[in-house]
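Working notes, structure below.
Laboratory data are not the source of any read-out in this text; all were calculated from the coordinates shown. As the structure is a computational prediction, the values presented were derived from the model and not from experiment. With ideal geometry, Cβ positions are generated from the backbone for all residues, glycine too; neighbour counts draw on all protein chains shown.
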Amino acid sequence: MSGFDAFIRIVYLLAAAGFVIGLHLMNSPASARRGSRVSTWAMVAAVAATLAFMIHDGHTRAWGWVVLGAGTAVGGGGGLRMGRQVKLTDIPQLVSLFNAVGGGAAALVAVNDFVHLSPHGGPGLTPRILVTTVLDVVIGVVTFTGSLIAAGKLQGIVSGAPVVWPGSRQLNAVLAAGSAVMAGFIFAGTYSNALLGGLCATLAAIGVLMVLPIGGADMPVVISLLNAFTGTAVAMAGFVIGNTALIIAGALVGASGTILTKLMADAMNRPVLAIIAGGFGTADAVAPVMGAGGAAVQSVGPDDAAISLAYASKVIIVPGYGLAAAQAQHEVRALADLLEDRGVDVSYAIHPVAGRMPGHMNVLLAEADVPYPQLKSMEEINPEFALTDVALVIGANDVVNPAARRPGTAISGMPILDVDHARSVIVIKRSMGAGYSGLENELYTDPKTRMLFADAKAGLAALAAAVKELVGT
Amino acid sequence: MPASLLSDISIFVLSLLVGFEVISKVPATLHTPLMSAANSIHGIVFVGAMLAAATANDTTGYILAFVTAAFASANLVGGYAVTDRMLQMFRTRPAARRGEPGE
């Protein structure tokens, strides 16, 4: 190894250390930004070292520089635009899109290597390269199309409902078998670019078919899993081209995605495999419950609800996806400010799967300048409901349904927020529609629950206006 | 099994373990920025795209290098941009009072 190679490798090592330290600093909101900066500089160092290597090496052709520059301008420019302009409610689909291009790029690194070596046959394509190339292509391509479908579902371009049809499982099995055969031929020494292309096309179809049957509310799990896949694909690309920076960074992301996948699946009390199998939320998966004979629902107007809130000493706000969809985070905060000015103790109960990706609700509320110490996790807040005068539920449904505590329902065993332990409950909801699980919510018919039928944004604004009028400020 | 492969596998496994250890300490509040940060870290694949451009010597190679560079740089630049934007919103200090200037 020449001195220059050693220098490049040391920079890669420092960059890898920077990624670890950057992630480590993410363990507190106060240091998270510093962590992001450390990670950014680590990335700049890795890219600069690679650039130095290319210049020093001197084998890059003019066209190589041109395509690299053009590709970077197009991709980087697009990425910067999207990253700067995206609305915070739309972050899940953007993250999904970045998973897609990251996985796609990782697969292409291996494809490029294969196409480069295949005309010369045997010597370049060692078993190590073949195995890691196939692994990289499998994970990368499935992630690419799977993440595109996930992003489409989140954006509403693809139906958020589980898309299943008779024979789709069998089709998947056939495609999987087909790709296994193609991979087998490649291992056996058929170094054909067309074969690799065929493998990629088959895997692309598998990625699409894998995500289509998964329902929209399972997206926190899907995004986390695809994030783990992308990381692993990048690590595999690192194995293919023998680059430790890619291996380490990819493994870190793989670990992060895996942890989040597990947390999200636990928060829904459903095995990851069952979620991937999909179909949740369809009519056949949900047994009709609630034999209560259509127990009466009490509705309430904004004025009465405002009085309850204004004269409470402790209020817990429970925001759900409905709040995010209505972009009502600023209205929530305005109402909370009014209540706090009256000396009401206000906090927010955040269920792990509120929103469409892990921690999504926290970001939305942070955007509205809600101080993060007021955002309480499920474990923290559940014992407090019993001491709470009013729990204000906005656009949350399944995560507050007491039916989860009983066996035999579609959401049985899912950890929920103990909203029904509060002295009284106000639910802002557009209509009596069922939640994502298709299950009726027993909280709504609880005698201490009152329903304020309104869109989240309009309902909160009306509440704030009523509180203001009451207080006369 | 060649020694280089074995050491690469060691690096991979140890990095996974470090990742599990470091990331399991991240609080739920920061899970979205964490995922976004992880997202930008896998933008390291851009290094792979650069090396692909370095070896490209025919039309197929150039096209592949172009697409790889575009994908990887979108991932890298966009990932960091969105992470930074999100974390800016967590700048509020616990002691800071509402209604103060600088909102």
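A:Ala194 to A:Gln298: extension gain in nm, 0.36 nm per residue of separation minus the Cα-Cα distance?
Full extension of this stretch gives 30.9 nm more.
For a paramagnetic label modelled at 7 Å from the Cα of A:Ser313 toward its Cβ, which residues of region A:322-352 fall within the zone defined by backbone nitrogen distances under 19 Å?
The answer is A:339-348, whose backbone nitrogens lie closer than 19 Å to the label point.
Given the Cα-Cα distance of A:Ala325 and A:Val66 and 0.36 nm per residue of separation, how much length would full extension add, in nm?
Fully extending the segment from A:Ala325 to A:Val66 adds 89.0 nm.
What is the distance, in nm, between label points placed 7 Å from the Cα along the Cα-to-Cβ direction at A:Phe7 and at A:Glu469?
Roughly 7.4 nm, to one decimal.
Which value at 222 nm does chain A reach when only helices count, each DSSP H run of 4 or more adding -39,500 (n - 2.57), with the total divided by all residues and rounded to the nearest 500 deg cm²/dmol?
The per-residue figure over chain A is -20000 deg cm²/dmol.
What's the angle, to the nearest 10 degrees (0 to 90), between helix A:244-268's Cα axis and the longest principal axis of chain A?
Tilt relative to chain A: about 30 degrees.
What is the set of long-range amide H partners of A:Ile317 at a cut-off below 5 Å, with H atoms built 1.01 Å from backbone N?
A:Ser347, A:Tyr348, A:Ala349, A:Leu392
Counting other C-beta atoms within 10 Å, and keeping those with at most 14, which DSSP coil trypsin sites (Lys or Arg not before Pro) do you find in region A:47-147?
A:Lys87
If we count every other residue with Cβ under 12 angstrom of A:Phe453's Cβ, Lys/Arg +1 and Asp/Glu -1, where does the sum land? Spell out each step's value before the answer.
Values: positive: A:Lys429, A:Arg430, A:Arg450; negative: A:Asp455.
So the environment of A:Phe453 carries a net charge of +2.
Put +1 on the Cβ of each Lys and Arg and -1 on the Cβ of each Asp and Glu in chain A; which of A:Leu225, A:Ser192, A:Leu25 then has its Cα farthest toward the positive end of the dipole?
The residue sitting farthest along the positive end of the dipole is A:Ser192.
Checking the cross-link filter: which lysines have an alpha carbon closer than 20 Å to that of A:Lys314, excluding same-chain neighbours under 8 positions apart?
Partners within reach: A:Lys376, A:Lys448, A:Lys468.
If R0 is 60 Å, what FRET efficiency do you get for A:Ser431 and B:Ile63 from their C-beta distance, rounded to 0.05? Working shown, then result.
On the way: r = 52 Å, r/R0 = 0.86.
Efficiency, rounded to the nearest 0.05: 0.70.
Residue separation times 0.36 nm, minus the C-alpha to C-alpha distance between A:Arg34 and A:Ala274: what's the value?
82.6 nm
Along the three principal axes, how long is chain A when you take its alpha carbons, biggest first, rounded to the nearest angstrom?
Principal extents (largest minus smallest coordinate, Cα): 80, 50, 33 Å.
What are the ³J(HN,Hα) couplings of region A:168-181, residue after residue, when phi is run through the Karplus curve with 6.51, -1.76, 1.60 and θ = phi - 60°? Round to Hz, x for glycine and proline.
5, 5, 5, 4, 4, 4, 5, 4, 4, 4, x, 5, 5, 5
Using the Cα centre of the protein assembly as shown as the reference point, and only Cβ charges (+1 on K/R, -1 on D/E), how large is the resulting charge dipole? Debye, rounded to the nearest 20.
480
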